[in-house]
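S.K.: Before anything else, here's the structure in question.
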Amino acid sequence: MKITAIKSMLQALRYGVFARLWPQLSYVMVWLMGPRFAAYLSARTIDWGDVNQGPVVLCFFRESFVKDIHEMRQRTDMRFAVVMGGFTRFQEVWFPKEMQQQTFYQSYRGAGRDRALACSKLYADYLVTYVERKRPVQAVLSANFDYWQEVGLKQVCKERSIPFVVLSREHPVIPEVCDVVTEWYIKSAYAFEGDMIAVAGDSTKNVLARVGTVCRDDQVVVTGLPRFDAWRDVDCSLPWIERKFITLLTFTEGYYADQVFLETLRVFLQAAQTHQGAGLRFLIKTKDAHDQHLLQRMIPDAQKAFVNCTHEEDLFKVLPQTRCVLGFNSLSLVEAVMAGSQLIIPAWGECLDRGPRVMYSAEDPVVSELVDFAYSRDALLDMLLRATCSFDERGSSALAKEFIAKFIHIPKNKTSSCQVVECIGAAISKCSE
């Protein structure tokens, strides 16, 4: 009984009050003890992986980026060591608030700049030193080329002849977004201080070329995203009649379509209630825990039993079992096509079916062949109800490949993981010359 009580107390300390206080406590400790201590704490959070013993590539945790790292760990012989904690929070101690801005940090000339740059470099230098006590760092791989947190790291990489490579998780596809991103970099006069940038597709490469000053054209390589490699191993042959999911991919925040999403959710709930007990699962796939919490507040208590709302179920598991997918302006709809699901996109109110703010345009003949556009709530309800009992064959596999290629690069003879690793290898060779 006493042992159980002690274990409970330790669990409470580790995961309870202590876990909640740790961010504030560590911030104060770093403020008092400086960059070396911060680097020591960050080094203690490293996830070394358990697969490969090859050259070490140092990475830093980002939500979607870890999916790419997971695939590269499985498919290549490089060892990806991921710093899981503190990289941003600790550096906030010495960076002025005005300098904590992606891209524009480079042009900041206000108070505290010199101290921030010096501390950032010290922190990065100590961090690499701690890592290399275990294994030499062959390269650094970042999730973007313009994070303020990495300004010191880029300097350290240059001094140590360690290539700084980027696998850009940002991939502008929507025409207006491409224009906004182009103007952003022109306005900031940002210049990349690393070695190579691997991008998801042609649209990102074209944006960087339009800006012209971020980097040289030969520094940008179209590799695709390794996370899409997982689809090579997924069986998507399940017949339509055996697929039991009708899936809504949320577009709650950042899509500028809040009202239409709420109306879409209500229609989805109505369809789910109509078909309760029919052997189908109406699934709402949220982006993360925050998004799921938001959705739970939107769904009336009386209707919660009719749907399953989750962020934890993997798209690789859900989509191959899904008859139709409902979403808007999301790259996940490309994955739905990979899985052989039908696509439904709302196209009323804030949600348009053409124009510069639209990823999937009805004016594109390939898109119009593969997508059902719902121009009203009633039309959407009818499409969802039809999806429960009849299948509309939408185009050939060749058409699906053409659709996918419009939005994301999928290598024909290699995986994206291999292409990214080849990019890292080329950067390593160049730095060692």
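The values are calculated or read from the model by the stated rules, or taken from the named source; none is laboratory data. Because the structure is a prediction, the values reported are computed rather than measured. Using ideal geometry, Cβ is built from the backbone for each residue, glycine included, and neighbour counts are taken over all protein chains shown. Ligands, DNA and RNA are excluded from the accessible area calculation, which covers all protein heavy atoms including side chains. Shrake-Rupley method; radii C 1.70, N 1.55, O 1.52, S 1.80 Å.
S.K.: Go ahead and collect, in residue order, the members of region 211-227 whose backbone nitrogen is under 19 Å from a label point 7 Å along the Cα-Cβ direction of ILE186.
M.R.: Output list for this probe position: 211-217.
S.K.: On to the next question. Round to the nearest 10 and give me the degree value, 0 to 90, for the angle of helix 65-75's Cα axis relative to the longest principal axis of the chain.
M.R.: 90
S.K.: With every protein chain kept in the model, how would you rank LYS285, LYS187 by accessible area, 1.4 Å probe, largest at the top?
M.R.: Values: LYS285 25, LYS187 165 Å².
Listed by decreasing accessible area, they come as LYS187, LYS285.
S.K.: Related question: Restrict the search to region 33-139; then list the trypsin sites (Lys or Arg not before Pro) that DSSP places in a loop and that have at most 12 other Cβ atoms within 10 Å of their Cβ.
M.R.: Working: sites: ARG36, ARG44, ARG62, LYS67, ARG73, ARG75, ARG79, ARG89, LYS97, ARG109, ARG113, ARG115, LYS121, ARG133, LYS134; in loops: ARG62, ARG89, ARG109, ARG133, LYS134.
Hits after loop and neighbour filter: ARG109, ARG133, LYS134.
S.K.: A follow-up question, please. HIS290: accessible area at probe 1.4 Å, nearest 10 Å²?
M.R.: Rounded to the nearest 10, that gives 110 Å².
S.K.: As a test of reading the structure, rank CYS423, CYS431 by solvent-accessible area (1.4 Å probe, protein chains only), most first. Please list the in-between numbers first.
M.R.: On the way: CYS423 10, CYS431 40 Å².
Per-residue accessible area, sorted high to low, gives CYS431, CYS423.
S.K.: So between MET298 and SER332, what do we pick up on full extension, going 0.36 nm a residue minus the alpha carbon distance?
M.R.: 10.0 nm
S.K.: Give a residue-ordered list of calculated ³J(HN,Hα) values for region 310-327 (Karplus: 6.51 cos²θ - 1.76 cosθ + 1.60, θ = phi - 60°; whole Hz; x for Gly, Pro).
M.R.: Result, ordered by residue: 8, 10, 8, 5, 6, 4, 5, 8, 6, 4, x, 9, 9, 6, 9, 10, 10, x Hz.
S.K.: If you don't mind, there's one more thing I want to ask. Multiply the residue separation of GLN102 and LYS414 by 0.36 nm, subtract the distance between their alpha-carbon atoms, and state the gained length in nm to one decimal.
M.R.: Once the chain is fully extended between GLN102 and LYS414, it gains 109.1 nm.
S.K.: Could you work out the relative contact order of region 240-407? I mean the mean sequence separation of Cα pairs under 8 Å and 6+ apart, divided by the number of residues, in percent.
M.R.: Relative contact order here is 25 percent.
S.K.: Please list 3J(HN,Hα) in residue order for region 425-433, calculated via the Karplus relation 6.51 cos²θ - 1.76 cosθ + 1.60 where θ = phi - 60°; whole Hz, with x for glycine and proline.
M.R.: x, 4, 5, 5, 4, 5, 6, 8, 5
S.K.: Send over the per residue convex hull volume for region 240-407, Cα only, as a whole number of Å³.
M.R.: 106
S.K.: Counting only heavy atoms of protein chains, what accessible area per residue, in Å², does the chain have with a probe of 1.4 Å?
M.R.: Heavy-atom accessible area per residue stands at 48 Å².
S.K.: I'd like the carbon and sulfur percentage of the solvent accessible area for the chain, probe radius 1.4 Å, heavy atoms only, ligands and nucleic acids excluded.
M.R.: Of all accessible area on the chain, carbon and sulfur atoms account for 53 percent.
S.K.: If you don't mind, another one. Using 0.36 nm per residue of separation minus the Cα-Cα distance, give me the extension gain between SER429 and TRP48 in nm, one decimal. List each step's numbers first, then the result.
M.R.: Values: separation 381, 0.36 × 381 = 137.16 nm, distance 2.34 nm.
Full extension of this stretch gives 134.8 nm more.
S.K.: Still on this structure, please answer the following. Under 27 Å between C-alpha atoms is the cut-off here; go through region 152-266 and count lysine pairs that meet it, provided they're at least eight residues apart or on different chains.
M.R.: 5
S.K.: Please compute P(r) over all alpha-carbon pairs of the chain, binned at 20 Å starting from zero, and give each bin as a whole-number percent.
M.R.: Going from the shortest bin to the longest, the percentages are 23, 51, 26, 1.
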